[in-house]
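Engineer: This is the structure I want to talk about, given as structure tokens.
The values are calculated or read from the model by the stated rules, or taken from the named source; none is laboratory data. In this text, all values refer to a predicted model and were calculated from it rather than measured experimentally. Glycine gets a Cβ as well: all are built from the backbone with ideal geometry, and neighbour counts include every protein chain shown. What goes into the accessible areas is simple: the full protein's heavy atoms, side chains included, and nothing from ligands, DNA or RNA. Shrake-Rupley method; radii C 1.70, N 1.55, O 1.52, S 1.80 Å.
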Amino acid sequence: MIIDILSAIFLLIGVVLGIVGAIGIHRFPDFYTRLHAAGITDTLSALMILFGLALQAGWGIAAFKLALIFVFLFFTSPTASHALANAAQHSGLKPKLEQK
Amino acid sequence: MRYFSFVVLLILFWISLSGHFEPLLLGLGAVSIALTAYLSHRMNVIDHESYPLHLSSKFPSYYFYLFGEILKANIDVIKRIISPGETPISPQMIEIPQSQKTDLGAVIYANSITLTPGTVTIKLSKESLTVHALSKEAATDLATGAMSNEITNRVFKE
Amino acid sequence: MYIAASLAILVTMGLALARALSGPTTYDRIAAVNMFGTKTVLLIAVLAFLSGRTDVLDIALVYALINFIGVVAALKLVAQGNFHASDDLESGAEQGEPK
């Protein structure tokens, strides 16, 4: 019962963070800043959702697989972000910087 | 030694993913593991850099620190996204010195910077890192080099 | 609970898709598709628990890997215009190693 409530709370935080990140990629002005907003969904949102599910799964193969999914996301998402930023900069896309 | 532990890890990985113990599935697992070990040997990818076994006891302490940083950075970026009106951001492009001695350290550093929302590594070289930061505060925090010191202290210190 | 979570994830995916369709630069689109892929992984994970068949998690696992490779491949195609390895373009887009 307590575990059900806890896992519901974690799932709720996770999906809300996901939606906030999605709003972020619409509100921020240029590509580089949008990348930061997408970072939220890749890190904390994914962690919260997977942790909420793992609470339901209990100890076992399912929880192990959820942890593995998180590890994959944890290692691939910064690589993808870096590749995107690097390629964008290489192509000459200028970031909108703060007006001094 | 390195190969031995690699094969043991693969066996554990197979068993924990499949969870079945029929002879057929175990046989398939053995074939897959042998193939993987042979291919990695041929590609020569199992060295102290791609498979840092000697550091594995030190990573948990670093990841614990990194998780705290991710949490802080997430809250900061979320605040900036949901604040009404114009989003309070001040994007910066900064270049910070890269003080890690090994390539592995440099990659961990760049990876950690990208993993914390609000900062993305754009370029990595032997001497410096080019970073895009969402706000002035994030840029100043990064320029202190605190994260680089944490990596040196937590991962590479004997 | 699972139904509400999967609906919320679908909303997020819809917003990401809107950015992918409207994004002014190609990189915006790829970043949005990357986010869409991450959310798909999470959606599959939630659906696995919704249907009570946790074997489905394997699909989420594979999808996480394919998503990453797909994004990097699309990026390489955009950066170079082909899938061959070329040495005249030191794009470094697909390899994050220090030079």
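Engineer: Exactly one condition in (1) surrounded by 12 or more Cβ atoms within 10 Å (Cβ to Cβ); (2) closer than 25 Å to A:Phe70 by Cβ is false for B:Ser57; which is it?
Structural biologist: Single failed check for B:Ser57: (1).
Engineer: Here is a further query. Please work out which residue is farthest from the other protein chains (Cβ to nearest Cβ), limiting yourself to segment A:7-22 and to residues that are among the aliphatic types (A, V, I, L, M) and touching a helix residue (DSSP H, G or I) at 6+ places or on another chain (Cβ under 6 Å).
Structural biologist: Just the residues of segment A:7-22 that are among the aliphatic types (A, V, I, L, M), to begin with: A:8-9, A:11-13, A:15-17, A:19-20, A:22.
Within this subset, residues satisfying the condition of being touching a helix residue (DSSP H, G or I) at 6+ places or on another chain (Cβ under 6 Å) are A:11, A:13, A:15, A:17, A:19-20, A:22.
Working: A:Leu11: 5, A:Ile13: 11, A:Val15: 4, A:Leu17: 7, A:Ile19: 5, A:Val20: 6, A:Ala22: 4 Å.
Ranking the candidates gives A:Ile13 first.
Engineer: Go through (1) more than 13 Å from the chain's Cα centre (by Cα); (2) at the interface with another protein chain (Cβ under 8 Å from one of its Cβ atoms); (3) assigned to a helix (DSSP H, G or I) for A:Lys96 and report which single condition fails.
Structural biologist: Here A:Lys96 clears every test but (3).
Results for (1) outside any helix (DSSP H, G or I); (2) modelled with pLDDT under 85, shown as yes or no for each residue.
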position	(1), (2)
B:Val7	no, no
B:Leu12	no, no
B:Ser16	no, yes
B:Leu28	no, no
B:Leu39	no, no
B:Tyr51	yes, yes
B:Tyr62	no, no
B:Gly68	no, no
B:Asp76	no, no
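Engineer: Would you please name the residue that is farthest from C:Lys39 (Cα to Cα), looking only at residues in segment C:1-23 that are touching an Asp or Glu at 6+ places or on another chain (Cβ under 9 Å) and at the interface with chain A (Cβ under 8 Å from one of its Cβ atoms)?
Structural biologist: C:Met1
Engineer: Within segment B:107-126, count every residue that is among the hydroxyl-bearing types (Ser, Thr, Tyr) and open to solvent by 20 Å² or more (accessible area, probe 1.4 Å).
Structural biologist: 1
Engineer: If you don't mind, there's one more thing I want to ask. Does segment C:41-54 contain at least one residue that is under 30 Å from A:His90 (Cα atoms) and within 8 Å of chain A (Cβ to nearest Cβ)?
Structural biologist: yes
Engineer: Another one. Provide a single number: the residues in segment B:113-140 that are assigned to a helix (DSSP H, G or I), closer than 19 Å to A:Ile40 by Cα and more than 8 Å from chain A (Cβ to nearest Cβ).
Structural biologist: 4
Engineer: Here's something else I'd like to know. Restricting to segment C:11-57, name every residue that is in a loop (DSSP other than H, G, I, E, B), closer than 27 Å to C:Gly81 by Cβ and not β-branched (Val, Ile, Thr).
Structural biologist: Passing the criteria: C:Gly23, C:Pro24.
Engineer: Taking segment B:8-43 as the search range and keeping residues that are in contact (Cβ under 8 Å) with a residue 12 or more places away in the chain and exposed (fewer than 13 other Cβ atoms within 10 Å of the Cβ), which one is farthest from B:Val107 (Cα to Cα)? Lay out the reasoning, then the answer.
Structural biologist: Taking segment B:8-43 first, the residues in contact (Cβ under 8 Å) with a residue 12 or more places away in the chain are B:10-11, B:14-15, B:29, B:32-33, B:36-37, B:40-41.
The next check asks that each one be exposed (fewer than 13 other Cβ atoms within 10 Å of the Cβ); those that pass are B:32, B:41.
Working: B:Ser32: 30, B:His41: 23 Å.
Among those residues, the one meeting the criterion is B:Ser32.
Engineer: Still on this structure: Which of the residues spanning segment A:57-69 are at the interface with chain C (Cβ under 9 Å from one of its Cβ atoms) and not β-branched (Val, Ile, Thr)?
Structural biologist: Residues satisfying the conditions are A:Ala57, A:Gly60, A:Ala62, A:Lys65, A:Leu66, A:Leu68.
Engineer: Please return the ranges of helices (runs of 4 or more DSSP H) entirely within segment A:1-85 where 2 or more residues are among the aliphatic types (A, V, I, L, M) and open to solvent by 20 Å² or more (accessible area, probe 1.4 Å).
Structural biologist: A:2-27, A:46-57
Engineer: Which of the following residues is surrounded by fewer than 20 Cβ atoms within 10 Å (Cβ to Cβ), more than 18 Å from A:Ser77 (Cβ to Cβ) and either outside the structural domain of B:Ala73 (by TED's automatic domain parsing) or of a type in the set (A, V, I, L, M) (or both): B:Leu104, B:Leu142, B:Leu129?
Structural biologist: On inspection, the qualifying residue turns out to be B:Leu104.
Engineer: Test C:Ile3 against the criterion of being assigned to a helix (DSSP H, G or I), open to solvent by less than 20 Å² (accessible area, probe 1.4 Å) and aliphatic (A, V, I, L, M), and give yes or no.
Structural biologist: No, not satisfied.
Engineer: Of a type in the set (A, V, I, L, M, F, W, C) and open to solvent by 40 Å² or more (accessible area, probe 1.4 Å): does that describe B:Ile82? Give the derivation first.
Structural biologist: On the way: of a type in the set (A, V, I, L, M, F, W, C): yes; open to solvent by 40 Å² or more (accessible area, probe 1.4 Å): yes.
So B:Ile82 fits the description; yes.
Engineer: Determine which single condition B:Ile46 fails, assuming it passes every other condition in (1) assigned to a helix (DSSP H, G or I); (2) surrounded by 15 or more Cβ atoms within 10 Å (Cβ to Cβ); (3) touching a helix residue (DSSP H, G or I) at 6+ places or on another chain (Cβ under 6 Å).
Structural biologist: (1)
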